Amino acid sequence: MDVREFEDLIDRLGEDVSHWPAELRQAALDLLASSPDADRLLSEARLIREALASPPVRAPSGLVDRIAAAANRKT
């Protein structure tokens, strides 16, 4: 397995290598042991998943009204 194939598998199967089919899992682990690029890709995929799993940020109450009022003042 090369880094390009590893990246494709992360995109298709997710960043949790333990859920990958056994034959792919071992090849991925071997690549991770020898490739800083593969390790970086895995870390980035984990960060993206964590960010997407975070609760959404809510705008403070009244923000839309304040923005609209400020826009009206400038016109």
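The values are calculated or read from the model by the stated rules, or taken from the named source; none is laboratory data. Since the structure is predicted, the reported quantities are computational estimates derived from the model, not experimental observations. Virtual Cβ from ideal backbone geometry, glycine too; neighbours counted across all protein chains shown. With ligands, DNA and RNA removed, areas are computed over all heavy atoms of the protein, side chains included. Shrake-Rupley method; radii C 1.70, N 1.55, O 1.52, S 1.80 Å.
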Estimated inter-spin distance, residue 57 and residue 39, nm [label 7 Å along Cα→Cβ]:
3.1 nm
Treating only the Cα positions of segment 11-75 as identical point scatterers, give the base-10 log of I(q)/I(0) from the Debye formula at each q in 0.21, 0.22, 0.23 Å⁻¹.
-0.90, -0.95, -0.99
Considering only protein heavy atoms, what per residue accessible area in square angstrom results for the chain with a 1.4 angstrom probe?
78 Å²
Between residue 11 and residue 32, 0.36 nm times their residue separation minus their Cα-Cα distance comes to what?
6.0 nm
Report, to the nearest whole %, how much of the accessible area of the chain belongs to carbon and sulfur atoms, 1.4 Å probe, protein only.
55 percent
